[in-house]
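Report on one structure; see the data block that follows.
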Amino acid sequence: MLTRYASPDVLADPNEIACAILADLQQKKTPATFEQMCGTALVVSTLTRVIESDPNPEQLNLIVQGQGGSGKSWWLTDIVVPLLTQLAAAYPQAPLRHRLLAFSNSAAANIFGDTIHHAMHAHGRSKGKKRQMVTGTSLRKLEEAWGDIALNVVDEGSFIAPKLLGDLSG
């Protein structure tokens, strides 16, 4: 059950919402690590710029890496997703679109996200074949799908080829 930290009729400070989520986890004896708190601060900072109507907020591409069992997916599902949910409820006028991405289907399902290949319309390409430039209608669809995304979070970024990560940020 998701605890509600902000009422839709009362605008809450994004930092207060994040602190409430982290405090709630502390009470449940599942405190966040220092790295997870730093990541949360980075997410809050980016989303605050969007909420404050920055006319051209820079898209944040956050790549989450760490050893197996270090809490990467937990951070996404128990901190980032509730934070995004609460902020969307508190600021319905703000375009808080985001994507949670992972390399494999199982990792994507674990974070309630999508595979990076599917989200970038890069699925179905065979290894060794030269990649085709996306043009025309396909390019317009891709631009529409990604145009107002404020935050991309990639779980297990170490599994993703540097070229594909470059395409994500370019």
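The values are calculated or read from the model by the stated rules, or taken from the named source; none is laboratory data. Keep in mind the model is a prediction, meaning the values are calculated, not measured. No Cβ is skipped: glycine too gets one built from the backbone with ideal geometry, and neighbour counts run over all protein chains shown. Heavy atoms of the whole protein, side chains included, go into the accessibility calculation; ligands, DNA and RNA do not. Shrake-Rupley method; radii C 1.70, N 1.55, O 1.52, S 1.80 Å.
Observations
- Every listed requirement among (1) of a type in the set (A, V, I, L, M, F, W, C); (2) under 14 Å from ILE17 (Cβ atoms); (3) free of Cβ contacts under 8 Å to residues at least 40 places away in the same chain is met by LEU42 save one, (2).
- Condition check for SER169 on (1) in contact with a strand residue (DSSP E or B) (Cβ under 6 Å, 6 or more places away or on another chain); (2) open to solvent by 60 Å² or more (accessible area, probe 1.4 Å); (3) modelled with pLDDT of 85 or more: one failure, at (3).
- Hey, PHE103 out of contact with any strand residue (DSSP E or B) (no Cβ under 6 Å at 6 or more places or on another chain), over 16 Å from ASP148 (Cβ atoms) and surrounded by fewer than 19 Cβ atoms within 10 Å (Cβ to Cβ) or not: no
- For region 42-84, the tally of residues that are of a type outside the set (Asp, Glu), open to solvent by 20 Å² or more (accessible area, probe 1.4 Å) and assigned to a helix (DSSP H, G or I) stands at 9.
- Meets criteria (outside any loop (DSSP other than H, G, I, E, B), of a type in the set (A, V, I, L, M) and modelled with pLDDT under 75) for LEU164: yes
- Within region 85-97, the set of residues being buried (at least 18 other Cβ atoms within 10 Å of the Cβ) and closer than 24 Å to GLN26 by Cα comprises GLN86, LEU87, ALA90.
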